[in-house]
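J.: Input: one structure, supplied below.
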Amino acid sequence: MSKEIKPIKRSKQLTPLSHDHHEGLLFAWKIRQGVKNGTDINVIGKYAHWFWENHLEEHFREEEQILAPHLPADNELVKQMFDEHREIRSIFDGEDIINENLLLALAQTVDDHIRFEERQLFPFAEKTIPEKELNLIHEQLSKQAASRKKWEPEFWVRTK
């Protein structure tokens, strides 16, 4: 008997971060699809850096500067968030990502990180942070909402 996976119900206050997470899961999927489709690794690597600069870097800043101050700094889940952010940042701080194994590892790391935050960190935050503070977080996140640029070409779409 298969176990049905139900979608996670997120508080409205943290939905802007969850929407970003959806984009992050798509990012990981696109990398995998590009590799699977035989896309030039240089193109996928450029896409990865573009996504970092246009989406992920700002998302990390929001979690660290808007969400984290409302959580206990010594909590293991909060520490894990910061550790994983550092790990992902270090990949982008290096040279160009033009290695298939590194791209696939990046996709898996981002995927795992998002699932950790959605399944563990955010439920903890929703239980820990008072409603009034959650509303303040939502207000700050809403102000930060930037127009999201799109990447071309869509290498993850199979053309053959």
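What follows draws every value from the coordinates through simple rules; no lab data is involved. Keep in mind it's a predicted model, so treat the numbers as computed, not measured. All Cβ positions, glycine included, derive from the backbone under ideal geometry; neighbour counts span all protein chains shown.
J.: To the nearest 20 debye, what is the magnitude of the charge dipole of the range 59-121 about its Cα centre, counting +1 on the Cβ of each Lys and Arg and -1 on the Cβ of each Asp and Glu?
T.: 160
J.: If you don't mind, another one. Using just the helices of the chain, give the 222 nm mean residue ellipticity in deg cm²/dmol: DSSP H runs with n ≥ 4 each add -39,500 (n - 2.57), and the total is spread over all residues, rounded to 500.
T.: For the chain, the value works out to -19000 deg cm²/dmol.
J.: Only loop residues by DSSP count here, and only those with at most 10 other Cβ atoms within 10 Å; note down the chymotrypsin sites (Phe, Trp or Tyr not before Pro) in the range 1-101 that meet that.
T.: Nothing satisfies the criteria.
J.: Which order do peptides 15-24, 94-103 fall in by mean Cβ count within 10 Å, highest first?
T.: Listed from highest to lowest mean packing, they are 15-24, 94-103.
J.: Across the chain, how many lysine pairs separated by 8 or more positions, or lying on different chains, have Cα atoms within less than 23 Å?
T.: For the chain, the number of qualifying lysine pairs is 20.
J.: Hand me the trypsin sites (Lys or Arg not before Pro) from the range 3-90 located in a DSSP loop with no more than 11 other Cβ atoms within 10 Å, in residue order please.
T.: Lys3, Lys9
J.: Using the charge dipole of the chain (Lys, Arg: +1 at Cβ; Asp, Glu: -1 at Cβ; taken about the Cα centre), state which of Gln33, Leu14, Ile137 has its Cα farthest towards the positive end.
T.: The one lying farthest along the dipole's positive direction is Gln33.
J.: Quick check: from the Cα gyration tensor, does the range 12-144 come out rounded (a/c under 1.5), prolate or oblate?
T.: Cα axes put the range 12-144 in the prolate bin.
J.: Given Cα pairs under 8 Å that are at least 6 residues apart, what percent is the relative contact order of the chain?
T.: With pairs under 8 Å counted, the relative contact order is 43 percent.
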